[in-house]
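The values are calculated or read from the model by the stated rules, or taken from the named source; none is laboratory data. A quick note: this is a predicted structure, and the numbers were derived from the prediction, not measured. We place every Cβ from the backbone using ideal geometry, glycine too, and count neighbours over all the protein chains shown.
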Amino acid sequence: MRPSTLVSALLAGGARGLSNYQLVGNYSGVDFFSNFQFFSDPDPTAGFVKYVDQDTANSTGLAGIASGDQFKDLPYLGVDYSSLAQAGRPSTRIESQNSFNSSTLWVTDIRHHPGGVCGVWSAYWLVGPNWPWGGEIDLLENINLATTNKYVLHTGANLAVSNISDPTTANSSGMNIRGQFSNLNCSAAAEGNVGCVVEGQDNTFGTEFNANGGGVIALEYLPEAISVWQFARTEIPGDIFDGTPTPSTWRRADAHFVATDGSSLEYYFYSLRMVFNTNICGSWIDKVWQTSECAALAPSCAAYAAKNPAAFKDAYWLIGGVQVYEAVASDMNATAIPAVPAANLTSDLNYRRHVRRSSRGQVW
């Protein structure tokens with residue numbers, strides 16, 4: 001089956017087979033934006049960015065439903081690339097209305113992401129209701145010209161995870177992953193708020209990721225573990241196309257997080273919403289700009305972003321769809337579990353990345 005048929009295949013998949021998951025939410029196509037809200041407050045990371053609301057995003061072409069020779073009706077989220085921007089470059093950030101807890105599987109088809117661009121900090125992630133409480137799970141995130149993805153957890157309470165990328169630990173636990181741990185402390189209160197980090201393989205982010213048609217990122221959140229798979233376009237498991245995803249049959253995960261003390265992760269991660277955003281500059285980029293490969297372009301990220309609009313033409317999301325599954329009993333007649341209703345949103349800027357305006361999107 002061709003990758004371009006992923007969304008339709010997921011919708012058509014009725015038989016559950018050996019999968020213990022049942023579809024509870026489909027976020028794709030022309031209805032995508034009806035399930036998300038736009039964020040238009042100042043950026044909490046002090047980015048050189050002006051997040052726009054629904055009406056502005058639609059009227060300026062920064063958000064909509066796109067079609068082309070190889071795709072049809074895919075959600076698009078972009079950055080202004082036509083104007084000088086002295087007070088921040090217009091961009092987009094959205095958050096799902098529904099939230100989810102443990103025993104959930106997210107399957108996300110990314111056709112193009114805003115990676116491989118100097119001055120861009122893009123991320124697809126999940127966040128709890130009162131950051132850092134409720135947690136944060138970063139599924140596709142990095143900056144500038146990076147070519148490797150970072151899979152990261154942030155928590156309010158102290159949480160340490162086992163380094164199962166270490167051969168000794170991997171052998172004793174029976175686990176192994178494709179990525180490599182670079183930090184094991186998930187606490188947002190730790191120095192630098194680095195989080196517990198698994199470094200992805202080459203070309204899991206940036207220009208080559210886009211050139212290869214993007215891929216599918218799957219997150220399985222169980223009380224005892226959080227696992228992430230990143231599949232290239234040519235290696236997507238057939239059960240994903242069939243709408244019966246069975247993670248236990250997939251290749252080894254790219255990232256796998258378990259608490260060192262064996263505690264349940266439900267205490268740290270709950271009421272999780274999906275977020276797609278494209279930040280310009282911000283604290284992470286500003287901290288490393290002078291030593292990065294982008295430093296030769298301008299004395300600061302803000303100076304570069306203000307005067308070089310055309311550089312951001314490729315800083316956009318093209319989303320094939322997100323399918324959310326929740327665990328059910330293994331019998332073939334299980335009833336679907338309803339999605340968790342959206343809770344009230346907060347405008348507290350201490351909540352690191354939140355949203356508040358609704359959007360229906362625009363077909364163009």
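Apart from one condition, residue 88 fits all of (1) touching a Gly at 6+ places or on another chain (Cβ under 8 Å); (2) under 21 Å from residue 149 (Cβ atoms); the exception is (2).
Against the conditions (1) of a type in the set (Val, Ile, Thr); (2) in a helix (DSSP H, G or I); (3) at pLDDT 95 or above, residue 169 satisfies every one except (3).
Kindly check whether there is at least one residue in segment 154-175 that is crowded, with 24+ Cβ neighbours inside 10 Å and closer than 28 Å to residue 112 by Cα. There is at least one residue in segment 154-175 that is crowded, with 24+ Cβ neighbours inside 10 Å and closer than 28 Å to residue 112 by Cα. The sole residue among 71, 39 that is surrounded by 20 or more Cβ atoms within 10 Å (Cβ to Cβ) and on the phi < 0 side of the Ramachandran plot is 39. For residue 330, the requirement of being at pLDDT below 95, surrounded by fewer than 18 Cβ atoms within 10 Å (Cβ to Cβ) and among the small types (Gly, Ala, Ser) is met. Taking the criterion of being in contact with a Lys or Arg (Cβ under 9 Å, 6 or more places away or on another chain) and over 18 Å from residue 62 (Cβ atoms), the only residue of segment 271-311 that qualifies is 298. Under the condition of being small (Gly, Ala, Ser) and buried (at least 24 other Cβ atoms within 10 Å of the Cβ), the residues counted in segment 215-238 number 2. Among the residues making up segment 85-127, those that are surrounded by fewer than 24 Cβ atoms within 10 Å (Cβ to Cβ) and in contact with a Ser or Thr (Cβ under 6 Å, 6 or more places away or on another chain) are 99, 116. Applying the criterion of being part of a strand (DSSP E or B) and among the aromatic types (Phe, Trp, Tyr) to the residues of segment 248-287, the residue that is surrounded by the most Cβ atoms within 10 Å (Cβ to Cβ) is 257. Here the strands (runs of 3 or more DSSP E) wholly within segment 60-136 that include at least 3 residues being small (Gly, Ala, Ser) are 63-66. Of the residues making up segment 20-59, those that are over 23 Å from residue 285 (Cβ atoms) and assigned to a loop (DSSP other than H, G, I, E, B) number 3.
For segment 232-247, does any single residue satisfy the condition of being modelled with pLDDT of 95 or more, under 30 Å from residue 159 (Cα atoms) and within 17 Å of the chain's Cα centre (by Cα)? Looking for residues that are modelled with pLDDT of 95 or more, under 30 Å from residue 159 (Cα atoms) and within 17 Å of the chain's Cα centre (by Cα), one finds none in segment 232-247, hence no.
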